[in-house]
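Asks: Attaching a single structure in structure tokens format; questions to follow.
Coordinate-derived values only; no laboratory data. In this text, all values refer to a predicted model and were calculated from it rather than measured experimentally. All Cβ positions, even for glycine, are placed from backbone atoms using ideal geometry, and neighbour counts span all protein chains on display.
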């Protein structure tokens with residue numbers, strides 16, 4: 001009887017870290033694709049996950065997690081390391097492109113275009129670029145369009161991968 005209670009306690013303690021991970025990095029808006037693969041799962045935030053360039057293993061995890069589409073915002077000349085569209089479509093996901101090239105492409109029109117693409121999908125969507133920086137920039141502008149103040153929009157963008165493009169986003173927010 002004592003050993004049964006100890007076994008139950010041990011099982012509970014073993015399960016606690018995995019429960020804590022449900023609110024950790026892999027469940028955030030921006031995820032590290034290598035961590036997604038290592039953990040074998042991912043959860044969207046408000047139907048969206050932001051990431052850098054995924055590989056085939058990461059795309060399989062997204063497909064297995066119920067994602068319906070991948071929106072690739074990299075430019076057509078950027079190396080993806082694979083035939084990304086073929087891999088995505090072989091996994092049963094929809095492949096969508098919205099090429100964002102250069103800082104001039106970080107603007108409210110492209111944030112609206114991304115918003116429209118997200119609204120057209122009935123299920124979780126992975127949005128990626130090379131690092132997540134462009135995704136975070138557009139999502140910050142999208143948050144502003146939804147009525148968030150500049151600080152809240154920037155914070156959301158940072159949580160979605162915004163980094164070195166933050167000055168560009170601040171300029172766009174100021175001009176709006």
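Asks: Can you compute the modelled spin-label distance between residue 89 and residue 146, with each label point 7 Å from Cα toward Cβ, in nm?
Replies: Distance between the two pseudo-spin positions: 3.1 nm.
Asks: To the nearest 0.05, what FRET efficiency results for residue 43 and residue 164 with a Förster distance of 22 Å applied to their C-beta separation? Could the numbers behind the result be given before it?
Replies: Working: r = 27 Å, r/R0 = 1.22.
About 0.25, to the nearest 0.05.
Asks: Here is a follow-up. Where does the Debye-calculated log10 I(q)/I(0) of region 26-175 sit at q = 0.09, 0.10, 0.12 Å⁻¹, using only Cα point scatterers of equal weight, no solvent?
Replies: These q points yield log10 I(q)/I(0) values of -0.24, -0.30, -0.43.
Asks: Now for a separate question. Can you sort 29, 73 from fewest to most other Cβ atoms within 10 Å of each residue's own Cβ?
Replies: On the way: 29 22, 73 25.
Result, fewest neighbours first: 29, 73.
Asks: If I model a spin label at residue 68 and residue 155 as a point 7 Å from the Cα along the Cα→Cβ vector, what separation in nanometres do I get?
Replies: The answer from the label model is 3.0 nm.
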